[in-house]
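Report on the following structure.
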Amino acid sequence: MAARIIAVEPFDIVVFGASGDLAQRKLLPALYHRDLAGQLPAEARVIGVSRRRNTHEDFRQAARKAVAANLGSEPVDEACLERFCERLFYIPVDVGAEAGWQELFDILRDSEARIRVFYLATAPELFTVIAKKLGAHGLVTPRSRLVVEKPIGKDLASAREVNDTIGRVFSEQSIYRIDHYLGKETVQNLMALRFANALFEPLWNSRYIDNVQITVAENIGVEGRGDYYDTAGALRDMVQNHMLQLLCLVAIETPASIEADAVRDEKLKVLKALLPVDERNFSALTVRGQYRAGATPKGSVPGYLDELSSGASTTETFTAIRAEIGNWRWAGVPFYLRTGKRLPSRVSEIVVTFRPVPHSVFDGTAGPITANRLVIRLQPDEGVKLWLMIKDPGPGGMRLRHVPLDMSFASAFGVRNPDAYERLVMDVVRGNQTLFMRRDEVEAAWSWIDPILDAWRASDEPPKGYTAGTWGPSAAIALIERDGRTWHDED
Ligand code: BG6
């Protein structure tokens, strides 16, 4: 079936932090792509806001560069880029002060009836400041929406404060908390796989599933984001949001529909059913690591501490956790989570390993029977592989072989895989919150994370060192091997 373009209503999107990394690297290229696909109505405008005293033309010039630099191998469609740039406007606003707000009001004055999106691509400290100013300057119309990205707070208490403050200006139905992992094509496919096939549901429980592994590995280091990262660490940066969201989509009960609250209600139940990890059990269930200098295929790289101006830190750049969900479907099934910077490769995947057959009818010459596995690869090489046992073709008696039923999306469908932001930004305009986190989900995730952070803080043990370019500290291997299992390693 050909890709379908669903038209959206005219809108204004006001991007705070317009000269920042997120806007330049993700949002502008995403909007350009939607324009290229013919999805943006003629009247749609993108209004960049930041403190710099730039002009409309400066912003357009920067956008031309940003789009061209972020298309990968795809050629720039010059005509489309020019059309796209005509939609761009720029207003300098000092968000902490008064300068610029009136000008922002003026440019939006005649478009009150339109959908208006305020996208805060700024430092998280500014979320509440900007939300209050938007309210105070009368910029919030009945059709306005606010978009914020993680981190929402650093713990439960601060997340509540942020949610309370933005909630005084915007209703929950108009707040879109982005977790860009939910916009990834394969994450969507996880929903299709689970809820559009009858095959998996009867097996999707502790009776037939042995364990689930979720790995989000990156080969990059902190890449100039050391100041932010050092206040966060892998647990806050990746687990509290992206990885718990993936876990939720694997574990939720079938929602009554794909409507936002139906899905989010089910995710919330999973988050609330996570068994606590705290000072009593954290040393058996969690590992935290920090990378040291090492070698990668691109050459030698410095250690985490060498990249920090302070030169000292106990922030984790790697974590592995053995989580469990205390409900009837999942009791006793470990969910192993693993994420880190400076690992050997960039790979994000969910691996569902089924239980082995209860008894083998084959004799020893057939070879071992490996348990079935469903590997959902988010990146790179998006796709799903279902590993099955088959008979090795040809003569020679019954010899068994473990082979993948391979559904690699890019090669199978020959379509461009849209970036998560393309889908998510258009969902905001369409008013579809299914892929966005509701307030209670964010807070439930923090409620599970906080005791782990507290236990780590209270422990004398610093993170375990691992050499850059390896799969984290050996304790992460021990964490899973203690259960008689191993981390999935793509054959
Ligand atoms: C972000 C984290 O949310 O996700 C980064 O803050 C991380 O530290 C990034 O690098 C990974 O996203 P992706 O889409 O490249 O896997």
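Brief remarks follow.
- When residue 345 is tested against (1) at pLDDT below 95; (2) within 17 Å of residue 190 (Cα to Cα); (3) surrounded by 13 or more Cβ atoms within 10 Å (Cβ to Cβ), only condition (2) is not met.
- Counted residues, region 376-398 - those being out of contact with any helix residue (DSSP H, G or I) (no Cβ under 6 Å at 6 or more places or on another chain) and either within 16 Å of the ligand (Cβ to nearest atom) or of a type outside the set (Gly, Ala, Ser) (or both): 15
- Selection within region 347-360: residues that are in a loop (DSSP other than H, G, I, E, B) and not hydrophobic (A, V, I, L, M, F, W, C). The member of this set that is nearest to residue 242 (Cα to Cα) is 355.
- Any hit, region 413-431, residues being modelled with pLDDT of 95 or more and farther than 30 Å from residue 37 by Cα: no
- Residue match in region 181-201 (condition: within 16 Å of the ligand (Cβ to nearest atom) and assigned to a strand (DSSP E or B)): no
- Any chance residue 222 is of a type in the set (Val, Ile, Thr), within 16 Å of the ligand (Cβ to nearest atom) and open to solvent by less than 30 Å² (accessible area, probe 1.4 Å): yes
- Residue, farthest from residue 12 (Cα to Cα), within region 42-80, restricted to residues that are outside any helix (DSSP H, G or I) and among the acidic types (Asp, Glu): 74
- Condition broken by residue 344, with the remaining ones in (1) of a type outside the set (Ser, Thr, Tyr); (2) over 30 Å from residue 458 (Cα atoms); (3) not in a loop (DSSP other than H, G, I, E, B) satisfied: (3)
- Restricted to region 117-138, and to residues there that are within 21 Å of the chain's Cα centre (by Cα) and free of Cβ contacts under 8 Å to residues at least 40 places away in the same chain, the residue that is surrounded by the fewest Cβ atoms within 10 Å (Cβ to Cβ) is 125.
- Residues in region 234-264 that are small (Gly, Ala, Ser) and more than 10 Å from the ligand (Cβ to nearest atom) were compared, and the one that is surrounded by the most Cβ atoms within 10 Å (Cβ to Cβ) is 251.
- Pair list, Cβ under 8 Å, 6 or more apart: region 338-351 residue under 15 Å from residue 321 (Cβ atoms) and away from the ligand (no atom under 11 Å from the Cβ), other residue open to solvent by 10 Å² or more (accessible area, probe 1.4 Å) and hydrophobic (A, V, I, L, M, F, W, C): 338/487
- Considering region 359-408, the residues that are among the hydroxyl-bearing types (Ser, Thr, Tyr) and over 26 Å from the mean Cα position of the chain (by Cα) include one that is surrounded by the most Cβ atoms within 10 Å (Cβ to Cβ), namely 370.
- Inspection of region 353-364 identifies no residue that is touching a Gly at 6+ places or on another chain (Cβ under 6 Å) and at pLDDT 95 or above.
- Output for region 418-447, where each listed residue is under 13 Å from residue 30 (Cβ atoms) and either open to solvent by 20 Å² or more (accessible area, probe 1.4 Å) or among the basic types (Lys, Arg) (or both): 418, 419, 423
- Search result, residues across region 1-41 that are within 18 Å of residue 126 (Cα to Cα), assigned to a helix (DSSP H, G or I) and open to solvent by less than 20 Å² (accessible area, probe 1.4 Å): 23
- Test: residue in region 268-284 that is within 17 Å of the chain's Cα centre (by Cα) and either under 29 Å from residue 482 (Cβ atoms) or among the small types (Gly, Ala, Ser) (or both): yes
- For beta carbons closer than 7 Å, sequence separation of 6+ or different chains, a first residue in region 220-238 that is within 16 Å of residue 306 (Cα to Cα) and part of a helix (DSSP H, G or I) and a second that is open to solvent by less than 10 Å² (accessible area, probe 1.4 Å) and near the ligand (Cβ under 8 Å from one of its atoms), the qualifying pairs are 229/222; 229/237.
- Enumeration of residues in region 144-177 that are open to solvent by less than 10 Å² (accessible area, probe 1.4 Å) and assigned to a helix (DSSP H, G or I): 159, 163, 166
- Which listed residue, of 485, 457, is of a type in the set (Lys, Arg) and part of a loop (DSSP other than H, G, I, E, B): 485
- Residue that is of a type in the set (Lys, Arg) and within 22 Å of residue 140 (Cα to Cα), where the choices are 25, 53, 87: 87
- Flag if residue 141 is surrounded by 17 or more Cβ atoms within 10 Å (Cβ to Cβ) and not aromatic (Phe, Trp, Tyr): no
- Count of region 461-482 residues, restricted to those that are in a helix (DSSP H, G or I) and open to solvent by less than 80 Å² (accessible area, probe 1.4 Å), is 6.
- Filter result for residue 82 (closer than 16 Å to residue 51 by Cβ and open to solvent by 40 Å² or more (accessible area, probe 1.4 Å)): no
The values are calculated or read from the model by the stated rules, or taken from the named source; none is laboratory data. Treat the numbers as computed from the prediction; the structure is a model and nothing was measured. Virtual Cβ from ideal backbone geometry, glycine too; neighbours counted across all protein chains shown. Areas reflect the complete protein model, heavy atoms only, side chains present, ligands, DNA and RNA absent. Shrake-Rupley method; radii C 1.70, N 1.55, O 1.52, S 1.80 Å.
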